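The structure under discussion appears below in the form of structure tokens.
The values are calculated or read from the model by the stated rules, or taken from the named source; none is laboratory data. Predicted, not measured: the structure shown is a model, and the values here were computed from it. Every residue, glycine as well, gets a Cβ built from its backbone with ideal geometry; the counts of neighbours run over all protein chains shown. Side chains included, ligands, DNA and RNA excluded: accessible areas come from the protein's heavy atoms. Shrake-Rupley method; radii C 1.70, N 1.55, O 1.52, S 1.80 Å.
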Amino acid sequence: MRTTSRLSERARELDSADPLGGMRTKFLGHDDAAVPAYLDGNSLGRPLAATLETLGDFVRSQWGGRLIRGWDEGWLALPRHIGDQLGEHVLGAAPGQCVVADSTTVLLYKLARAAVTAVSDGGKRNEIVLDRDNFPTDRYVMEGIAAECGLTLRWVDAEYDGGVRPEAVAAAVGPQTALVVLSHVAYRSGFVADVPAITELVHSAGGRVLWDLCHSAGSVPAELDAWKVDYAAGCSYKYLNGGPGAPAWAYVAARHQANFEQPIRGWLGAGDPFGMGRDYVPAAGIQRVVSGTPPILGMLAMQDMITLISEAGMDAVREKSMQLTSFAVEAFDEVLAPLGAVLASPRDPLQRGSHITIDHPGSRDVTARLWEQGVIPDYRNPNGIRLGLSPLSTSFAETWAGIEAVAAGLGATVRP
Ligand SMILES: *Cc1c(COP(=O)(O)O)cnc(C)c1O
């Protein structure tokens, strides 16, 4: 009882001292009494209230008013325009290197396929290095590419409450390495990989890197240019609040664009799409990463979120995120560890993204019951509860409400 009132008091203090606290009211549903704690913004971010208007306006005046003329008046350029905004405010990428398209899965395929072709060196570089704990789609896509191109996968193991460290990558790369595929923030543990160090050591072995930023873009700052990243991709429906099924984004460093060989050649990646030419001649620059018609409606919500992030600043977003996860770990130690739960995320806030995972045998049942009460964390196989703390839409009080409910749920399972 004492602990819980202390933690709820502490949550109140942290909220009132939070310089970004006011931003939470910009999200739809923030005051929904039926959802006392939404801790899954790392799977599907909440919508911004502004997005209701953005979408309505677009349908009314753009689609409804400009009709087919809209393509020439800005829609065709929008994927690159939003890509540049993302590059500037979120990814640390100079203009002309990011584009919005497809899904993460499809972009991972396109980027990895182009990368292994570019570095093959007559077949001498024939390995893709990846880790056992990466998100399933990343592993499946690379397995498919390996089968398609006759490449070998070299697996790296990740630590249970951590991730892939530079030493593990150093031991795996060599003259046979074509590409290394890793996540910036691990989807399960939340571990933040040392992107610049790993990228540098892969380069010194002559390979290239493809970083997946699904779990970091919008919550952990990235410096893709300064880190000399070759390729990156990420989704927009997590910390970029693009909405269910919103398209993903790709980054291809300017130095790799001229020999980027597109595996899905479509007319909108061609240099002169409306020339309707006989042969495929790729567009210059990042446009050649595109295959077909861009999903314009799906990328508008993300643009609203990029605007909000630019107002907050990524450094302030990161600061809030670290405070949220630190508070969650403090609450974990006090109310969840005594129930037998184990922290499966790093204890150092600098080493974790914006979520933590706690393991407990009762996780699956407890999560299902919490969802019915509008307390929404995420269940992850085999026995993890993931608490995603989206920096701009989650308060400390909400974090505490969620953890208190998890404790009540787990407490009920351990009682005889
Ligand atoms: C969410 C996520 C994906 C999702 O891929 P989709 O094609 O959008 O379904 C991929 N990789 C990682 C690391 C993720 O966290």
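Output yes when any residue across segment 90-98 is in contact (Cβ under 8 Å) with a residue 60 or more places away in the chain, assigned to a helix (DSSP H, G or I) and either closer than 29 Å to ARG188 by Cα or open to solvent by less than 10 Å² (accessible area, probe 1.4 Å) (or both), and no when none is.
Yes: one or more hits.
Only one of these conditions is not met by GLU143: (1) more than 16 Å from the ligand (Cβ to nearest atom); (2) touching a strand residue (DSSP E or B) at 6+ places or on another chain (Cβ under 7 Å). Which number is it?
Checking GLU143 against (1) more than 16 Å from the ligand (Cβ to nearest atom); (2) touching a strand residue (DSSP E or B) at 6+ places or on another chain (Cβ under 7 Å), the one that fails is (1).
Taking segment 19-57, which residues are hydrophobic (A, V, I, L, M, F, W, C) and open to solvent by less than 60 Å² (accessible area, probe 1.4 Å)?
Within segment 19-57, the subset hydrophobic (A, V, I, L, M, F, W, C) is 20, 23, 27-28, 33-35, 37, 39, 44, 48-50, 52, 55.
Hits for segment 19-57 are LEU20, MET23, PHE27, VAL35, ALA37, LEU39, LEU48, ALA49, ALA50.
Hey, can you tell me all the residues within segment 211-235 that are open to solvent by 10 Å² or more (accessible area, probe 1.4 Å), of a type in the set (A, V, I, L, M, F, W, C) and away from the ligand (no atom under 15 Å from the Cβ)?
Of everything in segment 211-235, those that are open to solvent by 10 Å² or more (accessible area, probe 1.4 Å), of a type in the set (A, V, I, L, M, F, W, C) and away from the ligand (no atom under 15 Å from the Cβ) turn out to be ALA226, TRP227.
A quick yes/no check of all residues on (1) free of Cβ contacts under 8 Å to residues at least 24 places away in the same chain; (2) within 15 Å of the ligand (Cβ to nearest atom); (3) over 20 Å from TYR237 (Cα atoms):
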{"site": "GLY74", "(1), (2), (3)": "yes, no, yes"}
{"site": "ILE82", "(1), (2), (3)": "no, no, no"}
{"site": "ASP102", "(1), (2), (3)": "no, yes, no"}
{"site": "TYR109", "(1), (2), (3)": "no, yes, no"}
{"site": "ALA118", "(1), (2), (3)": "no, no, yes"}
{"site": "ARG125", "(1), (2), (3)": "no, no, yes"}
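So GLN323 passes all but one of these: (1) touching a Pro at 6+ places or on another chain (Cβ under 7 Å); (2) farther than 22 Å from VAL35 by Cα. Which condition number does it fail?
All conditions are met except number (1).
What is the residue count in segment 255-267 for residues that are touching a residue at least 40 places away in the same chain (Cβ under 8 Å), open to solvent by less than 40 Å² (accessible area, probe 1.4 Å) and either over 24 Å from VAL119 (Cβ atoms) or assigned to a loop (DSSP other than H, G, I, E, B) (or both)?
Residues meeting the conditions: 2.
State which residue is most open to solvent (accessible area, probe 1.4 Å) when the search covers only segment 164-206 and only residues that are more than 23 Å from ALA114 (Cβ to Cβ) and away from the ligand (no atom under 16 Å from the Cβ).
GLU167
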